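Structure first, then comments.
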Amino acid sequence: MRTGSSTSSSICIDFHVEPNAKVKSICSEESGYTLSQKACDTSTALGGCLKGNLTNWYYSSSKHSSAADVKKECPDDFLAAGAK
């Protein structure tokens with residue numbers, strides 16, 4: 001799932017288990033998101049946060065411009081870009 005704008009976060013979420021129906025409805029095209037079967041491309045990510053059964057990957061935006069910004073989101077579960 002990926003979304004973003006120039007005024008907020010730009011993220012991609014890797015689900016490590018099949019998303020339930022509620023998540024699928026939230027992550028729909030109608031809601032402005034793309035739900036894909038492919039893993040997030042982390043080559044341009046600043047870093048990620050492992051949170052239970054998913055990883056939030058953060059990309060450059062007005063809110064996050066460095067790995068240090070992402071580490072503030074998840075100081076204990078930070079993943080460097082390119083990690084799986």
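The values are calculated or read from the model by the stated rules, or taken from the named source; none is laboratory data. Small disclaimer: the values here were computed from a predicted structure and weren't measured. Note that we place each Cβ from the backbone using ideal geometry, even for glycine, and neighbour counts take in every protein chain shown. Note: accessible area is taken over every heavy atom of the protein model, side chains too, but ligands, DNA and RNA are not part of it. Shrake-Rupley method; radii C 1.70, N 1.55, O 1.52, S 1.80 Å.
Applying the criterion of being farther than 13 Å from Cys12 by Cβ and under 14 Å from the mean Cα position of the chain (by Cα) to the residues of the stretch 71-83, the residue that is least open to solvent (accessible area, probe 1.4 Å) is Cys74. Among the criteria (1) surrounded by 12 or more Cβ atoms within 10 Å (Cβ to Cβ); (2) free of Cβ contacts under 8 Å to residues at least 24 places away in the same chain; (3) not hydroxyl-bearing (Ser, Thr, Tyr), the one Ala68 does not fulfil is (1).
Residue count for the stretch 30-57 satisfying the condition of being outside any loop (DSSP other than H, G, I, E, B) and either more than 13 Å from the chain's Cα centre (by Cα) or closer than 20 Å to Val17 by Cα (or both): 11.
Is it true that Lys63 is assigned to a loop (DSSP other than H, G, I, E, B) and either over 28 Å from Asn20 (Cα atoms) or open to solvent by less than 50 Å² (accessible area, probe 1.4 Å) (or both)? Answer is yes for this residue. From the residues in the stretch 1-28 that are at pLDDT 70 or above and more than 18 Å from Leu50 (Cα to Cα), which one is surrounded by the most Cβ atoms within 10 Å (Cβ to Cβ)? Looking at residues that are at pLDDT 70 or above and more than 18 Å from Leu50 (Cα to Cα), I get Cys27.
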